[in-house]
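All remarks here apply to the structure that follows.
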Amino acid sequence: MTPSPLAELDSQKAALLRSIAALSTLDALRESEPTITGKRSILSSLQKSLGSLEPEARRDAGAQLQEARREVEDALLRRREELAHAQRAESLGADRLDLGDVVVSAVRVPVSMGHPNLVASTQRELEDVFVGMGFTVADGPEVESDWYNFEALNIPPAHPARGLWDTFYVDLGEPETVVLRTHTSPTQIHLMETAVANNSLPIHSVMPGRCHRRDTPDSSHLPTFHQIEGLVVDRGITFADLAGVIETFTKSYFGADIAARLRPGYFPFTEPSAEFEITCTICRGEGCRTCSQTGWLELGGSGMLDPAVFDAVGIDGNEWSGFAFGFGIDRCAQMRYQVGDMRALIENDTRFLRQFS
Ligand SMILES: [Zn+2]
């Protein structure tokens, strides 16, 4: 009987594992690889020698050799990782740039930083202007009950003003009607209720935020848009205060050559109500296509708080009076930056946004 070609396998394997452990660089490992596991390795020549065995013996020896090969290949893989790790640590150490307390150990690939969305930056600018005029900034929920979105604002069920807004209703399986707010006005109700509960009137606040209406997007409408509203409740507030705040805001935000004007309007929650227009920002009042040759652009609505709203929140209209105003932040950004199509504001195309850096 001829001796098995694998008689020396254990000691041959041990020798291979020792030689792998002795490899000290990745280059040495690459050079030795063919003689450890490759075509020129002892493992490969043992494999060839199995061809002379009887089928049954060949199968057993093959499995034995396969096991030994797997062990050697695993050891080689681990050694490669160890050496790669060591080499990286060494090169980081060599490239280390010592700047006193600051140590630069790796160079980062530059990352594009993007640009704030125009609506977000416009909102911040508007908040800054109003804070400069003495207003605080208030926040409110985007999902509201029918009471806050409509009824407390003097818009009872079946009131024709509800037809002005195609509303998104939220089905929470509750008896109460819940909607995505169609305007930021519900925050006014929250503010007044809180002020009454805490006995903390007066109020001088602006409330920016996201609103939703079932609009089809076009160049001047988005189903999700942003408003900012202002609310003043104090003693002795008159329509002149409202006109003064709007005029001051317009000049501070759009520039000294842009004026504001009020003309009669209708809103359920204010009485009297006024729409406010500003000098066309495109033609500066000369008359152009955007302003239909009038020299004026409509920006928002305003008015003195309706007594019915005071009643809803429990404020004594004999002691307090106030006004509210509001306008679209998206529309404001569109006017300020002369963006033809409002949809560009939400596409977040950085090529568009970079123009405003
Ligand atoms: Zn114009």
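The values are calculated or read from the model by the stated rules, or taken from the named source; none is laboratory data. For clarity, every value in this text was computed on a predicted model and none was experimentally measured. Positions of Cβ are backbone-derived with ideal geometry, glycine not excepted, and every protein chain shown enters the neighbour counts.
Would you pick out the residues in the range 304-336 that are part of a helix (DSSP H, G or I) and within 23 Å of residue 198 (Cα to Cα)? Answer for the range 304-336, where residues must be part of a helix (DSSP H, G or I) and within 23 Å of residue 198 (Cα to Cα): 307, 308, 309, 310, 311, 312, 313.
Every condition in (1) within 16 Å of the ligand (Cβ to nearest atom); (2) surrounded by 23 or more Cβ atoms within 10 Å (Cβ to Cβ) is met by residue 333 except one, and the failing one is (1).
Condition first: farther than 30 Å from residue 343 by Cβ and more than 16 Å from the ligand (Cβ to nearest atom). Can you find one or more residues in the range 322-329 that meet it? Taking every residue of the range 322-329 in turn, at least one turns out to be farther than 30 Å from residue 343 by Cβ and more than 16 Å from the ligand (Cβ to nearest atom).
Filtered by the rule that a residue be surrounded by 15 or more Cβ atoms within 10 Å (Cβ to Cβ) and in contact with an Asp or Glu (Cβ under 8 Å, 6 or more places away or on another chain), the range 123-167 gives 137, 145, 146, 154. For the range 263-282, a residue qualifies if it is within 16 Å of the ligand (Cβ to nearest atom), among the aliphatic types (A, V, I, L, M) and in a strand (DSSP E or B), and exactly one does: 278. Taking each residue of the range 8-32 that is within 16 Å of residue 90 (Cβ to Cβ) and looking for partners that are part of a loop (DSSP other than H, G, I, E, B) with beta-carbon atoms closer than 9 Å, six or more apart or interchain, yields 29/23. Assessment of the range 245-252 against the conditions (within 16 Å of the ligand (Cβ to nearest atom) and at negative phi) yields at least one matching residue. Among the numbered conditions (1) away from the ligand (no atom under 15 Å from the Cβ); (2) touching an Asp or Glu at 6+ places or on another chain (Cβ under 9 Å); (3) under 21 Å from residue 211 (Cα atoms), the only one that residue 347 does not meet is (2).
One residue alone among 194, 238, 187 is of a type in the set (S, T, N, Q), modelled with pLDDT of 90 or more and under 23 Å from the mean Cα position of the chain (by Cα), and that residue is 187. For the condition among the hydrophobic types (A, V, I, L, M, F, W, C) and more than 13 Å from residue 207 (Cα to Cα), what is the one hit in 191, 172, 126? Result of the check over 191, 172, 126: 172. No other residue among 256, 312, 344, 240 is without any contact (Cβ under 8 Å) to a residue 12 or more places away in the chain, in contact with a helix residue (DSSP H, G or I) (Cβ under 6 Å, 6 or more places away or on another chain) and not β-branched (Val, Ile, Thr) apart from 344. Inside the range 284-303, residues that are near the ligand (Cβ under 8 Å from one of its atoms), polar (S, T, N, Q) and either part of a strand (DSSP E or B) or touching a helix residue (DSSP H, G or I) at 6+ places or on another chain (Cβ under 6 Å) (or both) make up a count of 0.
Please verify whether the range 253-261 includes one or more residues that are closer than 30 Å to residue 318 by Cα, in the same structural domain as residue 191 (by TED's automatic domain parsing) and away from the ligand (no atom under 16 Å from the Cβ). No.
For every residue, the table says whether it meets (1) among the polar types (S, T, N, Q); (2) crowded, with 21+ Cβ neighbours inside 10 Å.
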{"residue": "275", "(1), (2)": "no, no"}
{"residue": "278", "(1), (2)": "no, yes"}
{"residue": "296", "(1), (2)": "no, no"}
{"residue": "307", "(1), (2)": "no, no"}
{"residue": "315", "(1), (2)": "no, yes"}
{"residue": "318", "(1), (2)": "yes, no"}
{"residue": "322", "(1), (2)": "no, yes"}
{"residue": "326", "(1), (2)": "no, yes"}
{"residue": "329", "(1), (2)": "no, yes"}
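Scanning the range 33-52 for residues that are free of Cβ contacts under 8 Å to residues at least 12 places away in the same chain and part of a helix (DSSP H, G or I) yields 34, 35, 44, 45, 48, 51.
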